Every structure is written in structure tokens, then in C-alpha cells.
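To keep things clear, I will list the structure first and then write my remarks on it.
Computed from the coordinates by the stated procedures, all read-outs in this text should not be read as laboratory data. This structure is a prediction, so every number in the text was calculated from the model and none was measured. Don't worry about glycine lacking a Cβ; one is built from the backbone with ideal geometry, like all the others, and counts go over all protein chains shown.
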Amino acid sequence: MSAEFDIAVFEGDGIGPEIMAPTIEILEQLQFKNKNYKLNFKTAPAGAKHYQQTSESLPQQSLKIAEESDAILLSAMGLPGVRYPDGTEISPQIELRKAFHLFAGVRPVTVRDSKYCPIHRPNGETIDFVLIRESTEGLFHSMGKGVVTKDQATETLLITRDVSEQLFDFAFKLAEQRKATGIGPGKVTCVDKANVFRAFAFFREIFDERAKNYPTIEADHAYVDAIALWMVQRPWSFDVMVTENMFGDILSDLGAGLMGGLGVAPSADIGMDQAVFQPCHGSAPDIAGKGIANPFAMILSAGMMLDWLGHQHKNKNMITDAIKLKDAVNSVLADGNNVTGDIGGVASTNEAAQAVMKCLKE
């Protein structure tokens with residue numbers, strides 16, 4: 001008997017619906033072939049366009065759908081020209097992080113085919129690391145609460161022991177998992193600015209405390225500015241990195257650049273009981289409706305969802321399908337004949353997605 005999972009689907013704004021549709025089609029193809037699990041997709045309205053129409057960016061009913069689902073699949077959200085009265089953008093994805101305490105922002109960076117990587121790899125090294133960004137605190141904690149006067153503006157950075165311990169435990173367990181499967185050497189790097197800010201010295205102190213619980217994993221530290229340098233000079237030397245929200249926001253885009261761009265950069269925000277899976281890129285309203293958006297980041301994010309559900313529910317078939325999906329996207333990227341314009345190709349959204357489906361069938 002197959003296991004059933006409810007998936008909350010946020011179609012997003014701009015190109016969001018265009019990349020979500022083929023992603024759902026691919027997931028349906030996988031589950032049809034496997035028959036060991038079933039995904040029930042439940043649409044949850046939200047976003048900037050929805051806000052324009054209803055004055056609600058994340059309706060309570062959509063929040064309820066997300067809460068009652070086993071995972072959340074979310075496409076690009078927000079439109080630059082649609083904002084709240086205080087001038088901030090519509091960001092239901094951030095509201096979901098806070099609502100479900102999704103403290104671990106997971107940003108995998110994988111480079112195997114050199115044609116999309118802008119840096120030189122002397123010996124063709126494989127780049128395969130994961131950046132874990134704390135997703136509920138840091139500088140993002142004061143989102144919408146900053147104090148602005150005529151002469152100054154103040155935002156507050158928050159780091160708590162409770163969330164930091166959960167974050168570091170997540171990072172060390174991921175490093176253990178990667179080491180056990182032969183992906184990484186088993187190392188976690190704490191990225192901070194402990195030489196300047198007391199908050200980050202506190203952050204590092206907690207990291208060192210939690211590291212003692214994982215004796216088989218190497219633990220080290222680096223300042224965020226040094227990491228930015230080394231991500232360009234020697235990104236193949238990293239395994240798992242963990243950092244504060246704002247630092248992670250910036251470094252994750254640098255990681256996407258190593259892969260060839262945001263169009264191939266997946267992500268997840270994970271908590272103790274719930275998780276959101278979404279592409280790193282924005283809604284790109286300038287190309288919406290043209291059928292040229294890159295679907296790979298959305299598809300890879302769906303693969304991350306399968307992997308997470310598989311590990312959560314001990315479903316090996318889902319984990320295997322997650323690997324197949326990632327390999328299929330990598331095969332299409334390596335071939336280069338069905339990639340979109342953002343990474344140098346001429347394929348349409350549909351052509352790129354169909355190429356992934358063809359690889360899965362084969």
C-alpha cells in the first residue's frame with residue numbers, strides 16, 4: 001500500500017505559475033512510475049497578485065492548508081511594484097518561515113559541469129557543499145518593525161540560544177548524513193563576524209558547545225568576508241556551512257553564481273515538523289508570460305522535497321526518486337541542448353522541462 005502525502009502548492013507571482021506547472025507534472029510522472037507513494041497537491045492562494053485583488057498576501061485558509069500538509073512547495077513570490085503601506089515587498093515565504101518556525105534555510109551548491117561555472121577549477125574539482133542559513137532571526141527578525149525617524153533608521157539583529165542550538169544540530173546531522181553517503185568529508189564551518197559583534201561571538205560560542213556532541217564531524221569557523229573570498233578561490237573545499245540570516249542571504253546568491261545563476265539554484269526552509277521548498281530566484285515579472293523562464297531551480301527544489309519527505313518517513317523510494325530527479329536535471333544541463341536563455345541556451349520553459357521528463361523516462 002502506498003503512503004500518501006498532502007503537498008501545499010503556492011503557485012507564486014510572475015513566472016511562478018509557469019515553472020510550477022511542469023514541476024507538478026514531473027512529480028506526477030515519478031509517482032505514477034513508482035506507485036510506492038502518492039502526492040496530493042492542494043493549491044493555496046497567496047502572493048503579491050493575490051494581495052492586489054484581496055488585500056491579503058497570505059490568507060488564513062492558505063495558512064491552514066500549509067499547516068495541515070506534509071510539505072509545502074512554493075514558487076517565486078512577490079512583485080517589485082506591489083508593496084505593503086510601509087514600503088516593504090509582499091513576502092508570504094518569510095511569513096511561512098515565521099509561522100512554522102522554519103529555522104534552517106538549506107541552499108545546496110553543486111557544480112559538476114564546468115560550462116556553467118564562472119570560476120576556473122584547476123583540476124576539474126567537483127563543488128558540492130550546503131549553505132545553511134538561519135531563517136527566522138538575525139537581521140530579518142525586525143522585518144516590518146524597524147524604527148525610522150527623520151535622521152536615522154534602526155534594525156535589530158536577534159540571535160537566541162534556543163534557535164541557534166537547533167540550527168547547529170541540524171547542520172551537524174546533515175554533515176553526518178553527507179559523510180555516511182560519501183558526499184562530503186564530514187565538516188561544518190560556522191560563518192560569522194565574531195571579531196566585531198558580540199552577537200556573533202555568542203553565536204560562535206553556542207556552535208562550539210554543540211560541536212562537542214558530534215565527535216566524528218570536524219568543526220571550524222571563518223569570518224563572513226573571508227568565506228566570500230574563498231567561495232570564489234576554492235569553493236570545492238567546503239562541506240556544510242552554517243550562518244546567520246542576512247549573511248546567508250548574501251552568500252547563497254554567491255553560491256548560485258557558482259552554479260551558473262539563480263535559475264539552477266534550489267532551496268528549502270526546514271523546521272522541526274514542516275518545510276518549504278522553493279527556487280532561490282524571484283518572480284521575474286519582466287519575462288512572465290513569455291515561456292522562457294528557467295524551470296530547473298523549481299524542479300530541483302521539488303527533488304529536495306522528495307528527499308526530505310523520504311528521510312522523514314523512511315521512504316527509500318522517495319529518496320531514490322529525488323536522486324533520479326537531480327541526476328536528470330544535471331544530465332540536461334550537461335547536454336546543454338535544452339537549457340534556457342539565462343544560462344546561454346534557447347530552450348523554452350516547456351522544452352527544458354520536457355527534456356528532464358525524457359531523462360526520467362529513460
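Numbers at a glance
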{"quantity": "Whole-Hz couplings from phi, Karplus 6.51/-1.76/1.60, listed for region 221-237; x for Gly and Pro", "calculated": "10, 7, 6, 4, 5, 5, 4, 4, 5, 6, 5, 8, 7, 8, x, 6, 8"}
{"quantity": "Value of relative contact order over the chain, rounded to a whole percent, pairs C-alpha under 8 Å and six or more apart", "calculated": "20"}
{"quantity": "Whole-number percent relative contact order across region 106-263, with pairs defined as alpha carbons under 8 Å at least 6 apart", "calculated": "34"}
{"quantity": "Packing rank of 60-66, 41-47, 293-299, where each peptide gets the mean count of other beta carbons within 10 Å, highest leading", "calculated": "293-299, 41-47, 60-66"}
{"quantity": "Rg in Å to one decimal, and Dmax rounded to a whole Å, for region 1-79 via C-alpha atoms", "calculated": "13.6, 44"}
{"quantity": "Neighbourhood charge, 10 Å Cβ-Cβ cut-off, centred on GLY186 and excluding it, Lys, Arg +1 and Asp, Glu -1", "calculated": "0"}
{"quantity": "Loop sites in region 241-341: trypsin sites (Lys or Arg not before Pro), DSSP, at most 10 other Cβ within 10 Å", "calculated": "LYS314"}
{"quantity": "The chain: calculated mean residue ellipticity at 222 nm from DSSP helix runs of at least 4, using -39500 (n - 2.57)", "calculated": "-13500 deg cm²/dmol"}
{"quantity": "Full-stretch length increase - LYS212, GLU67 - with 0.36 nm per residue and alpha-carbon distance subtracted", "calculated": "48.8 nm"}
{"quantity": "Inter-centroid distance (Cα atoms) of region 1-68 relative to region 202-247, Å", "calculated": "34"}
{"quantity": "Dimensionless Rg ratio for region 106-263, taking C-alpha atoms and the 2.2 N^0.38 Å reference", "calculated": "1.09"}
{"quantity": "Calculated P(r) tail over 19 Å for region 219-356, as whole % of Cα pairs", "calculated": "58"}
{"quantity": "Virtual spin-label span in nm between TRP230 and ILE323, 7 Å along Cα→Cβ", "calculated": "3.0"}
{"quantity": "Charge dipole (debye, nearest 20) of region 216-288; +1 at Cβ of Lys and Arg, -1 at Cβ of Asp and Glu", "calculated": "240"}
{"quantity": "For region 88-122 and region 248-312, distance of Cα centres in Å", "calculated": "6"}
{"quantity": "Where trypsin sites (Lys or Arg not before Pro) fall in DSSP loop in region 186-287, at most 14 other Cβ within 10 Å", "calculated": "LYS212"}
{"quantity": "Region 257-308 - Debye-derived log10 I(q)/I(0), Cα point model, q = 0.14, 0.28, 0.31 Å⁻¹", "calculated": "-0.39, -1.06, -1.16"}
{"quantity": "Bridge type composition, region 1-98 - antiparallel percent by DSSP, nearest 5", "calculated": "10"}
{"quantity": "Among beta bridges that DSSP assigns inside the chain, antiparallel share in %, nearest 5", "calculated": "45"}
{"quantity": "Computed log₁₀ I(q)/I(0) - Debye formula, equal Cα scatterers, no solvent, the chain, q 0.09, 0.10 Å⁻¹", "calculated": "-0.49, -0.61"}
{"quantity": "Packing rank of 10-22, 264-276, where each peptide gets the mean count of other beta carbons within 10 Å, highest leading", "calculated": "10-22, 264-276"}
{"quantity": "Stokes-Einstein D (µm²/s) once Rh is taken as the Kirkwood radius of region 48-115 over alpha-carbon pairs, at 4 °C in 1.567 mPa s", "calculated": "92"}
{"quantity": "Bridge type composition, region 103-235 - antiparallel percent by DSSP, nearest 5", "calculated": "65"}
